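Take a look at the structure set out below.
The values are calculated or read from the model by the stated rules, or taken from the named source; none is laboratory data. Keep in mind it's a predicted model, so treat the numbers as computed, not measured. Cβ placement follows ideal geometry from the backbone for every residue including glycine, while neighbour counts extend to all protein chains displayed. Please note that ligands, DNA and RNA were not included when accessible areas were found on the heavy atoms of the full protein model with its side chains. Shrake-Rupley method; radii C 1.70, N 1.55, O 1.52, S 1.80 Å.
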Amino acid sequence: MLARVMQASTSHRTAGVAAVLGLAALAALGTQGPAPAAAPFGSPYRVVIDPGHGGADPGAVANGLVEKVLNLEVALRLRDLLDLDTADPLGGGDWDVRLTRISDVTVSLADRVTLANNWPADRFVSIHHNAFSSSAANGTETFSFSNGTTAAGLRDRVQEELLLALGLADRGSKTANFYVLRETTMPAALSEGGFLTSPIDAAVLASPAAWQASAEAHLFALQRHFGIAPYLPQATAPFVYCTAKVSSAGCTPAIGWSGTPSFAASDFVVHCDHVVSQQYGLLLWSDQPASIPFFGGTLCLGNAPQRFQVAFSNGLGNGNCSGRLELPLSSGFFTGNGLFPGSNVYLQWWYRDPGFLPAAPVGLSNGLRLTVLP
Ligand SMILES: [Zn+2]
């Protein structure tokens, strides 16, 4: 089945992907604590994640980075990890997660605190990045309202894990009279992952791999804080992430799947719905998630995405959004690409936008993450 589809590949269809590959190089960042607090609550633990700033308030802006964007990137990744951890029967914790914002909107400090206090949450984790008038200031620091508290314990775990994850300078665990730390009625910590005004820190924090590493650091900190061994959850089923680009015909392509991505099963199929008829689809894959602006859309794959296949849609007519691109990914794909049980793979459909506009020559689905099963 795979060999048949590969024969459809021709040189003119691969030209656009060469551009994709050229723009997609990303530096990969390596990712990786004292006696945890006894769990004082029944499961699941209620956690509010607070991505700092948003909307009209960008927070720190320096070296091409915008704090509100980074805060949200880390927060959404942390939410996904906590949800995955809850779904993973093999280890980790049981979490109920709410965010103070899930998009680029303005939210007052009072509303952030009210959301947590009214729930009520068991813990409040605020995610920020730093700035200073001098570019010499750099490093990671994490805050709680006071020392010697449960909040300080959470703060210390976050600081420890962020240092391991990002490898930036250690500015220490500190106290601060921040509104969200003072007014929350549950233990609260606020991380400043690094200084956007520091060229050293900014070079690290610009990478989606760093956002993922930071999210994992917050996950490990919460796990340890509640007496759970640090555990990176595995997806028990593929899940969709990243944002699709609307095509010039107004279609929003959606990645999806059927079957089981395993060596044992041979029924796994990745598809892309809501494309215009007779487009040539190219499936890209990588072992790193990303979120890179690309031709008005988002390249959801990090490192250098590998082009896998060419397929045809079976839509009903130009301008009709009912087309579907479909591709089986058998164990041949996994073995042929050095993947093994436990490997994480990130996939995205790339195809010709029907408008063929120079400014918008490609369609991009959202991304799919899956873990290869035995
Ligand atoms: Zn901030």
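Assorted remarks:
- Scanning region 127-138 for residues that are out of contact with any Phe, Trp or Tyr (no Cβ under 7 Å at 6 or more places or on another chain) and either over 28 Å from A229 (Cβ atoms) or away from the ligand (no atom under 15 Å from the Cβ) (or both) gives H129, S133, S134, S135, A136.
- Check on T150, open to solvent by 20 Å² or more (accessible area, probe 1.4 Å) and more than 16 Å from the ligand (Cβ to nearest atom): yes
- Scanning region 117-149 for residues that are assigned to a loop (DSSP other than H, G, I, E, B) and of a type in the set (D, E) yields a single hit, D122.
- Applying the condition of being open to solvent by 60 Å² or more (accessible area, probe 1.4 Å) and either under 21 Å from W119 (Cα atoms) or within 14 Å of the ligand (Cβ to nearest atom) (or both) to region 57-87 and asking which residue is modelled with the lowest pLDDT yields D83.
- Test for T252: is it buried (at least 16 other Cβ atoms within 10 Å of the Cβ) and polar (S, T, N, Q): yes
- Qualifying residue in region 199-215 (condition: farther than 17 Å from G52 by Cα, within 16 Å of the ligand (Cβ to nearest atom) and open to solvent by less than 20 Å² (accessible area, probe 1.4 Å)): yes
- Residue selected from region 298-312 under the condition open to solvent by 10 Å² or more (accessible area, probe 1.4 Å) and modelled with pLDDT under 80, by the criterion nearest to the chain's Cα centre (by Cα): F308
- Options F178, F145, F195, F124: the member that is within 14 Å of the ligand (Cβ to nearest atom) and either more than 27 Å from G302 (Cα to Cα) or in contact with a Cys (Cβ under 6 Å, 6 or more places away or on another chain) (or both): F178
- Only one of the numbered conditions (1) open to solvent by less than 10 Å² (accessible area, probe 1.4 Å); (2) closer than 27 Å to A304 by Cβ; (3) hydroxyl-bearing (S, T, Y) is violated by S191, and that is (2).
- Verdict on A264 being of a type outside the set (F, W, Y) and open to solvent by less than 50 Å² (accessible area, probe 1.4 Å): no
- Comparison of F295, F239 shows that the only residue that is out of contact with any Asp or Glu (no Cβ under 7 Å at 6 or more places or on another chain), surrounded by fewer than 19 Cβ atoms within 10 Å (Cβ to Cβ) and aromatic (F, W, Y) is F239.
- Whichever residue in region 90-121 is among the hydroxyl-bearing types (S, T, Y) and within 23 Å of the chain's Cα centre (by Cα) and, among such residues, is farthest from the ligand (Cβ to nearest atom): S103
- Restricting region 42-56 to residues that are surrounded by fewer than 22 Cβ atoms within 10 Å (Cβ to Cβ) and away from the ligand (no atom under 16 Å from the Cβ), the residue that is modelled with the lowest pLDDT: G42
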